[in-house]
1. Please work out which option in (i) 1.19; (ii) 2.28; (iii) 1.56 gives Cα Rg over 2.2 N^0.38 Å calculated from these coordinates, and answer with its label.
2. Any chance you could run the full-extension gain for LYS91 through ILE34? It's 0.36 nm times the residue separation minus the Cα-Cα distance, nm to one decimal.
3. Over the chain, how many pairs of lysines fall under 29 Å by alpha carbon, counting only those 8 or more apart in sequence or from different chains?
4. What is the spin-label model distance, in nm, from LEU50 to LYS82 if the labels are put 7 Å beyond Cα along the C-beta direction?
5. From the square roots a ≥ b ≥ c of the eigenvalues of the alpha-carbon gyration tensor of segment 36-95, which class results: rounded (a/c under 1.5), prolate (a/b over b/c), or oblate?
6. Using a/c under 1.5 as the rounded threshold, could you call segment 19-70 rounded, prolate or oblate? The axes a ≥ b ≥ c are square roots of the C-alpha gyration tensor eigenvalues, and prolate needs a/b larger than b/c, oblate otherwise.
7. Is it possible to state the helix-based mean residue ellipticity at 222 nm for the chain, with each DSSP H run of 4+ residues giving -39500 (n - 2.57), the sum divided by total residues, to the nearest 500 deg cm²/dmol? What is it?
8. Can you pull the one-decimal nm distance between simple spin-label points at ALA64 and VAL102, each 7 Å off the Cα toward Cβ?
Amino acid sequence: MMFFYFLRNQSPLLPVSHRTLTILAAMVWYAGGIVLLIKGVSLLLEAEALQPDQHWPRTAVMAALLVGGIKAIFLFSGTCRKNLARIAALKRPKIWQFFRPVFFCF
């Protein structure tokens, strides 16, 4: 019987609130940012250890913060707003719908 519900896209499995999907989407974005930050800091610390007399790692940090801020304002904020609008438009949200299926392929 459950199989027919699934076929009609009316699966009673794992219904969640819009708020839950929003929190899950935010957690994925923040986790990605934290991973990139940790990786970048570790690479810069290694570069500093290899050549401590060079000033370019400090310049790289400043450039990364500037470029990251610009990307956050112009690219990621629009993408996040679109995703939040898509989540709000879902009639019966399921837990796996916090991003589009294409997102999970990348």
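1. (iii)
2. Extra length available between LYS91 and ILE34 comes to 17.3 nm.
3. Numbers: LYS39/LYS71; LYS39/LYS82; LYS71/LYS82; LYS82/LYS91; LYS82/LYS94.
Final tally of qualifying lysine pairs is 5.
4. 3.7
5. Details: a/c = 10.18, a/b = 2.78, b/c = 3.67.
Cα axes put segment 36-95 in the oblate bin.
6. Working: a/c = 7.59, a/b = 2.47, b/c = 3.08.
Here segment 19-70 falls in the oblate category.
7. Details: 5 runs with 73 residues, N = 106.
Counting only the DSSP helices, I get -22500 deg cm²/dmol.
8. 3.0
Since every read-out is calculated from the coordinates, none of them should be taken as a lab result. The shown structure was predicted, so the numbers you read here are calculated from the model rather than taken from an experiment. Virtual Cβ from ideal backbone geometry, glycine too; neighbours counted across all protein chains shown.
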